[in-house]
Structures are given as C-alpha cells and as structure tokens.
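Asker: Dropping a structure here in structure tokens format, bear with me for questions.
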Amino acid sequence: MKAPQPARTGDQPDPLGPQASTPLESGGLEDKFDDEDYPAYSMGRAAEMLGVTPAFLRSLDTARLIVPQRSSGGHRRYSRYQLRLAQRARDLVDQGTPLEAACRIIILEDQLAEAQRINARLRRERAAQPPPQDQA
C-alpha cells in the first residue's frame, strides 16, 4: 500500500490539463482497465462491493485516508487502490480499532512500505555502481 497522496486521490487537477486525460491521448480505454488509480467506482457501487455504508466511505474521506475524485456532477468516484485502503480500514474497524486509529495505522503501513521500496531500489543502484578507486 502507498500513503495517500493528493495527486493519487484527486485533490489536485492533472498538471497537463483536462485534455491529457482523454482516452485517445492517454493510451485508450484499455489503459484505464489496468490503472488502479482510475476512479471507476461510484460511491454506491464501492459501498456495495465492500459491504459498507456510504457513510463509512464518507468518514474515510473526512479522516483523509482516501479522498475520492469528483465527477463533473460532484459525485464521489473511487479507484481500486482506494477500495483496497477502504477494505483494510473496514477490517481494522471490524476488529475493534477506532476509525481514526485504523486510518493512522494504514497510513503508517503505507509509508513504511514505500520507504522499504525506496531503500531496496537505492541498494540495487549502489550495488550496480563500480567500486570507488583509491586516489593515492
């Protein structure tokens, strides 16, 4: 999991502008099926899939765990990535964890996983570099 980020959750507009997100310019409709960040699910459908109420999803928005994108009509739209975070939150809440604590746990887990990925990448890059030569 990754920590919630404004660009992934819909807080900020596309820096390339609205024309960059058209199916023809972004690689087509097939890319959207594979994109875990594409906001494909309405609130009702997301709640149904997760077995939660729309109020639970709104509470995750209030807690800033997931900030759904909005349709042109103002309706919340969720991505697969956001649904995974919501499912994790639901699991923790079902185990008796308060919602705010569950959201904090998920964010910290995501931040740790991201730091571990960065650390592993840096180690691979360092191992691939030739050893420094002594200048005597």
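We did not get these values from a lab; they are worked out from the coordinates using the rules stated. In this text, all values refer to a predicted model and were calculated from it rather than measured experimentally. All Cβ positions, even for glycine, are placed from backbone atoms using ideal geometry, and neighbour counts span all protein chains on display.
Asker: Place a +1 charge on the Cβ of each Lys and Arg in the range 39-112 and a -1 charge on the Cβ of each Asp and Glu, then give the dipole magnitude about the Cα centre in debye, rounded to the nearest 20.
Answerer: Dipole about the Cα centre, nearest 20: 320 debye.
Asker: Extending each Cα 7 Å along its Cβ direction at ARG70 and ALA101, get the distance between those two points in nm, one decimal.
Answerer: So the label points at ARG70 and ALA101 sit 3.3 nm apart.
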